[in-house]
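The values are calculated or read from the model by the stated rules, or taken from the named source; none is laboratory data. For clarity, every value in this text was computed on a predicted model and none was experimentally measured. Just so you know, the surface numbers come from the protein's heavy atoms only, side chains and all, with ligands and any DNA or RNA stripped out. Shrake-Rupley method; radii C 1.70, N 1.55, O 1.52, S 1.80 Å.
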Amino acid sequence: IMKRTVVPWIFCVLTILVWIAPSHAADPKIGYFDLQAVLDRSQWGQEVKKEFNAKKTQLEAEVQAKVKEFQESKQSYEKQLQMMDEKSKKQKAQELRQMQVEGEKLLMESNAELNKLSQQLSKPLIDKVMDIVQTIGKNEKYDYIFEVQKAGLVYATEKTDLTQTIIKELDKVKR
């Protein structure tokens, strides 16, 4: 008889505990940030962008100078074409092809240099942002912190937005 009353009693208590437990469990603390906004609005991010744009402008000027030189040579060739003998035509056409190849090579090298520079400038910055996010997560006991673009975040309240906090922390750091 004792066994029959104890077993249902234990079952009833366990059922109540399982049912009540989730309602007493703490809600997870979740935050998010916008990496692009951090890069755009932080001092370090703006310095990186300025340095990158300066190099980009310089390389674009070099490419444009090559393009202009090629166009002028081509126009000169076309004007003198009727007065040239076959040997001169072939030689000038070969020179123009060589100029075009050099221009294309310069453009490819410039793009590669810009990609490399972008990586060199942004990697330490992004690494520091991630360190800051980790620190905020640990110190403020966040369960999850998402990056807006990578997480595909569609909606979140502004009170969980850590972007400005991360920018302030990043601005305290000296490069």
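So here's what we get for this one:
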{"read-out": "Quotient of C-alpha Rg and 2.2 N^0.38 Å, computed over the range 22-75", "value": "2.39"}
{"read-out": "Violating pairs (Cα-Cα greater than 32 angstrom) within the set K50/K79; K92/K116; K29/K123; K55/K138; K68/K90", "value": "K50/K79; K92/K116; K55/K138"}
{"read-out": "Value of D in µm² per second that Stokes-Einstein yields for the range 116-163, Kirkwood Rh from Cα pairs, at 37 °C (0.692 mPa s)", "value": "266 µm²/s"}
{"read-out": "Accessible area per residue, Å², the range 81-162 with all protein chains present, probe 1.4 Å", "value": "77 Å²"}
{"read-out": "Rh by Kirkwood over Cα pairs, then Stokes-Einstein D for the range 35-145 at 1.306 mPa s and 10 °C, µm²/s", "value": "89 µm²/s"}
